[in-house]
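Student: One structure follows; several queries about it will come next.
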Amino acid sequence: MTLSLNSFLFVSGLLFAIGFFGVLLRRNVLVIFMSLEMMLNAAILALIAFSRFNGTMDGNLFVFFIITVAAAEIAVGLAIIVALFRKRQSVMVEQLSSLKN
Amino acid sequence: MNLEVFKQISDTNRWGLLLPEIYLVGLALILLVFEMLFRRQDLLLIVRVAIWGQVLLLGLMVLQYLEGFPTGSVTAFSGLLTQTPATEVMRLFFVAGSILVSFLATTYLRRQNLPRTEFFAITMLITVAMMVLVQSSQFVLFFVALETVTIGFYVLVAYCRQSPFSLEAGLKFLILGALSSAILLFGIVFLYGVAGNPALPGHVADSMNFADLASFIAANPTNPLVLIGTCLVLAGVAFKVGAVPFQIWIPDVYQGAPTPVTAFLAVSSKAAGVFVLLTLVRGPFASLHSFLVPLLSTVAVLTILFGNLTALPQRNVKRLMGLSGIAHAGYLLVGVVASMTVDWAVYAVVFYLITYLLASFGVFGVMIQMAGDDDSDQEVDHYEDLGQRHPFLAGVLTVGLGSLAGIPPLGGFIGKLLIFIAAFQAGLYGLLAASIIGVVISIYYYFGWIREAVFRVWRSPEGSPAQEGASTFTVSTVEIVTLGGLSALTIGIGIFPSLVDCLMRL
């Protein structure tokens, strides 16, 4: 049995939706961060599937760039979260609201 | 493997086209080496090398363009880069922005006692990424350059590690920025997938390339995946610009970020976003004209009205600059929509960006002087009687705000006028009406600020909290020359708009 392009795209879309709603609905900054990574991974999966079914290699190549970018983003992001945790002793978004009118 | 193909590809790698970028990266690395070698001995050396190194670059670039400004477009690196006269102007723009940010940062970082070298290095690397971003004509390079800009800004926004405000702004920018990047990426993936699909008519082999993608979209303008992908890509870019459904991060991040970074975000980052939008709607998405014009027009009207109306009651100057910056993004979007039918609207947008750079950096320079040693004086009330306390700063502030509001003898007026003429020629009367309403509203809050600074406001004798904490100024000569130069240029461009025009006509 071979899987069709649509099944890959379905899984990818599902991952993207889970990640998107995770970012919007979850309250813990670390979980939000994981959801963001899930969205990137959804894009990677779709990219690989398209690359395989279109017979072009650009998609495979692009994946390496995305992984590199995601790693840089995590490095900076976790540094900010740790620094903020040291100041506030919390990673919940409700308690991070000192910037207001 | 066929070696001829590799040879053809490597022949298009014309590194000479990227000399300014290579120079800036080298300068950033040299600064980091100096930091290691001369740690704690001579901080002034690093500041001088950083700023004069960039001024030298700007001078060399201008000299090169005086000899002969490039006409027509050059494509290099097997279609990764496309240089046009407009991108050349944008490169100059970003180097100038980088110099001004570094300059503002010397004052700010000295007062806050923050490390300087890293700040300069990151500023330069972001500038390089923005310069590459405006020239990119392929989605892989586009995405990597855009992410370099965004990740650099995460670091800069959270640069004051001791300040919870800065860290919180950094976290908000991080989450929303990463969200927008993921959306943009998903859009790119859709476009890549659908344009390379062998079952569709006009499918292309190199579907990441803007030119190939344009030919595919021209053949399939109603394909739903193309439309979804286009919307996702535009949404990701609209986030960087701060257009309406994606503007929520702007006030908080602008307020929390260190002031030079706020200026950098407001001017260079927005300019990069707007220019990328121009490249996209005039390049790959040009055939979706009938779909994009109503969509972008709606976004532009909402952006202008939202920015101006929320800025009205605002008393914090950094938030005020952020929210009014949303309105400016709206005017620029009007120019972007107009550029789909009127070709010279590109230059109207670039001209507007230049006037915005000059005026904004003047205002941000005054804001840094006014904010005091602990960076706490950020309310409009703190500017009371600035005209008496320091007439020069009040003058710079007035010229800057007047230009942002679009008052006739100043540069901002010409910028707005050009965009409005372009919109009129493109037949976008609704957008024109919304922009003019927006300008009228904006005069109220800009002049409220000017009035606070320049004209004596009657206050009840017992209560004037700003006076007690009024900071004293020590404005150095270099700062006076720079801020004065910015104001002079703003006035000069307003009176002789051909100053910039001749740069673009060449």
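Student: Counting only protein heavy atoms, what percent of the accessible surface of region B:240-392 is carbon or sulfur at a 1.4 Å probe? All intermediate terms of the calculation are to be shown ahead of the outcome.
Tutor: Values: 2330 of 3630 Å².
With neighbouring chains kept in place, the figure for region B:240-392 is 64 percent.
Student: Per residue, how much accessible area does the protein assembly as shown show when a 1.4 Å probe rolls over the protein heavy atoms, in square angstrom? Don't skip to the end; give the middle numbers.
Tutor: Values: 24180 Å² over 607 residues.
Using a 1.4 Å probe on heavy atoms only, each residue of the protein assembly as shown averages 40 Å².
Student: Ok, one more. In deg cm²/dmol and to the nearest 500, what is the mean residue ellipticity at 222 nm of chain B if only DSSP H runs of at least 4 residues count, each as -39500 (n - 2.57), divided by the residue total? Intermediate results must be reported in sequence, preceding the final value.
Tutor: Numbers: 22 runs with 368 residues, N = 506.
My calculation for chain B gives -24500 deg cm²/dmol from helical runs alone.
Student: List the residues of region B:166-188 that lose 50 Å² or more of accessible area once all protein chains are present, compared with their chain alone (1.4 Å probe, heavy atoms only, no ligands or nucleic acids).
Tutor: Flagged in region B:166-188: B:Leu167, B:Glu168, B:Leu171, B:Leu174, B:Ile175, B:Leu179, B:Ala182, B:Leu185, B:Phe186.
Student: Report, to the nearest 10°, how far helix B:345-370 tilts away from the longest principal axis of the Cα atoms in chain B, using its own Cα long axis and a range of 0 to 90°.
Tutor: 30 degrees
Student: I need the Debye-formula profile for region B:289-506: one equal scatterer per C-alpha, no solvent, reported as log10 I(q)/I(0) at q = 0.09, 0.16, 0.17 1/Å, two decimals.
Tutor: Per q value, in the given order, log10 I(q)/I(0) is -0.38, -1.04, -1.13.
Student: Sequence-distant or interchain residues sharing an amide H contact under 5 Å with B:Phe77, placed H: which?
Tutor: Here the answer is B:Asn13, B:Arg14, since their amide H atoms fall under 5 Å of that of B:Phe77.
Student: Also: Note down the nm distance, to one decimal, between modelled labels 7 Å out along Cα→Cβ at A:Leu61 and at A:Glu37.
Tutor: Placing both labels 7 Å beyond Cα along the Cβ direction yields 2.8 nm.
Student: Tell me, what is the FRET efficiency for B:Trp344 and B:Ile480 to the nearest 0.05, using R0 = 41 angstrom and their Cβ-Cβ distance as r? Spell out each step's value before the answer.
Tutor: On the way: r = 37 Å, r/R0 = 0.90.
It comes out at approximately 0.65.
Student: For A:Asn28 and B:Ile22, what does the FRET efficiency come to when R0 = 56 Å and r is the distance between their Cβ atoms, rounded to the nearest 0.05? Don't jump to the answer; show the numbers that get you there.
Tutor: Working: r = 43 Å, r/R0 = 0.77.
E between A:Asn28 and B:Ile22, to the nearest 0.05, is 0.85.
Student: OK, next. Would you please calculate the Kirkwood hydrodynamic radius of region B:131-273 over all C-alpha pairs and express it in Å, rounded to one decimal?
Tutor: Details: mean 1/r = 0.0622 Å⁻¹.
Averaging 1/r across every pair of different Cα atoms and inverting gives 16.1 Å.
Student: Roughly what angle does helix B:411-425 make with the longest principal axis of chain B, taking Cα atoms, 0 to 90 degrees, to the nearest 10?
Tutor: 40 degrees
Student: How much of the calculated P(r) for chain B lies past 43 Å, in percent of all Cα pairs?
Tutor: Working: 17770 of 127765 pairs.
Tail fraction, whole percent: 14.
Student: Please give the contour-minus-distance gain from B:Asn223 to B:Gln162: 0.36 nm per residue of separation, less the Cα-Cα distance, rounded to one decimal in nm. Present the calculation step by step, with values, prior to reporting the outcome.
Tutor: Values: separation 61, 0.36 × 61 = 21.96 nm, distance 5.10 nm.
Result for the pair: 16.9 nm of gain on full extension.
Student: Mind giving me the nanometre distance, one decimal, between the label points for A:Met92 and A:Leu78, set 7 Å out from Cα along Cα→Cβ?
Tutor: With each label point 7 Å from Cα toward Cβ, the separation is 2.5 nm.
Student: Let me ask something else about it. Evaluate the distance, in nm, between pseudo-label points positioned 7 Å from the Cα of B:Leu32 and of B:Ile9 along their respective Cα→Cβ axes.
Tutor: Simple spin-label model gives 2.8 nm for this pair.
Student: For region B:82-205, with all protein chains present and a 1.4 Å probe, just round the carbon and sulfur fraction of the accessible area to a whole percent.
Tutor: Details: 1850 of 2780 Å².
The value for region B:82-205 is 66 percent carbon and sulfur by accessible area.
Student: Computing the accessible area with a 1.4 Å probe over protein heavy atoms, can you report the carbon and sulfur percentage for region A:5-91? The partial results should precede the final answer.
Tutor: Values: 3230 of 4380 Å².
In region A:5-91, the share of accessible area belonging to carbon and sulfur is 74 percent.
Student: Assuming R0 = 30 Å, what is the FRET efficiency of B:Leu60 and A:Leu14, from their Cβ-Cβ distance, to the nearest 0.05?
Tutor: Using R0 = 30 Å, I get an efficiency of 0.05.
Student: Chain pair B, A: how much accessible area is buried, both chains summed, with a 1.4 Å probe, in Å² to 100? Don't skip to the end; give the middle numbers.
Tutor: Values: alone 20490 and 7470 Å², together 24180 Å².
So the total buried area for this chain pair works out to about 3800 Å².
Student: Give the cross-link partners of B:Lys318 among the lysines, using a straight C-alpha distance below 22 Å as the criterion and excluding same-chain residues fewer than 8 apart.
Tutor: Within the straight-line cut-off, B:Lys318 pairs with A:Lys100, B:Lys172, B:Lys240, B:Lys270.
Student: Restricting things to alpha carbons, tell me how big chain A is in terms of Rg and Dmax, in Å.
Tutor: Rg, Dmax (Cα atoms, Å): 17.1, 59.
Student: Got a sec? Which residues in region B:332-368 would a label at B:Tyr429 touch, if it sits 7 Å along Cα→Cβ and we count backbone N under 17 Å?
Tutor: Answer for region B:332-368: none.
The values are calculated or read from the model by the stated rules, or taken from the named source; none is laboratory data. The structure displayed is predicted, hence computed values, not measured ones. No Cβ is skipped: glycine too gets one built from the backbone with ideal geometry, and neighbour counts run over all protein chains shown. Just the protein is used for accessible areas: all its heavy atoms, side chains included, with ligands, DNA and RNA removed. Shrake-Rupley method; radii C 1.70, N 1.55, O 1.52, S 1.80 Å.
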